[in-house]
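The values are calculated or read from the model by the stated rules, or taken from the named source; none is laboratory data. All values derive from a computational prediction rather than experimental measurement. Cβ sites come from the backbone with ideal geometry, for glycine too, and all protein chains shown count toward neighbours.
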Amino acid sequence: MSDRLKNFIDENRKEFDDKTPSEKVWNKIDTELFPAAAKTPLYNSLTLWRAAAVIFMALSVYLIVPKTDAPTRALAKENEVVLKEFTDVEKFYVQQISEKVQLIDGFEKSEGLNGFTKDFQQLDAMYNVLKEEMKVRPSQKVKDALVLNLLVQIDLLNQHLHKLEKESKADVKGEKAEVNI
């Protein structure tokens with residue numbers, strides 16, 4: 001009988017070769033042949049690594065989210081303080097600028113301001129741009145730039161006033177010289 005079975009297998013070999021056992025069958029054979037390798041260590045478990053990754057991501061999100069919210073509120077509060085400080089400083093310097101412009105208007109008669117007006121207009125244009133920036137994104141840097149611009153405007157006005165005072169004194173001396181002759 002074994003010859004008959006052997007002959008049958010030999011004759012129908014092609015039909016047997018195209019069938020392969022499932023993965024489950026091979027795993028069962030593996031565990032029977034190698035019982036020590038069948039048990040996967042806990043640290044090598046895919047489920048354990050997935051759970052660790054989920055816990056790590058959740059912990060990361062927890063630690064990052066509160067830290068980004070607190071500085072935003074602090075920054076908004078700081079910007080409000082900077083804006084209020086600037087408003088006070090601006091009032092003071094704008095008052096000084098208007099006083100100096102009135103003094104210059106008192107000195108000026110019919111002569112133009114020449115380069116002075118152009119410089120003053122450029123400073124004023126820069127000031128307006130910076131002021132818009134302060135409304136959009138108030139910060140200490142913008143405040144400092146605005147204050148510096150105001151100081152430069154005041155300095156320019158002081159220089160022009162000094163020049164006008166010199167010219168006025170020269171005109172008074174010239175008039176006295178003409179009267180003496």
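Pick from segment 85-98 the residues that are of a type in the set (D, E, K, R) and exposed (fewer than 11 other Cβ atoms within 10 Å of the Cβ): which of them is nearest to the chain's Cα centre (by Cα)? Among them, the one singled out is Asp88.
So that you can scan it fast, the table gives a plain yes or no per residue for (1) modelled with pLDDT of 80 or more; (2) farther than 30 Å from Gln153 by Cα; (3) of a type in the set (A, V, I, L, M, F, W, C):
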| position | (1), (2), (3) |
| --- | --- |
| Asp3 | yes, yes, no |
| Lys6 | yes, yes, no |
| Asp10 | yes, yes, no |
| Ala58 | yes, yes, yes |
| Leu63 | yes, yes, yes |
| Asp88 | yes, no, no |
| Ser98 | yes, no, no |
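Is it true that Thr72 is more than 24 Å from Lys131 (Cα to Cα), polar (S, T, N, Q) and either modelled with pLDDT under 70 or outside the structural domain of Lys163 (by TED's automatic domain parsing) (or both)? In short, no.
Contact map, segment 114-142: first residue more than 26 Å from Lys77 (Cα to Cα), second residue in a helix (DSSP H, G or I) and polar (S, T, N, Q), Cβ cut-off under 9 Å, separation 6 or more or different chains; pairs are Phe116/Gln159; Phe120/Gln153; Leu123/Asn149; Leu123/Gln153; Asp124/Asn149; Asp124/Gln153; Met126/Asn149.
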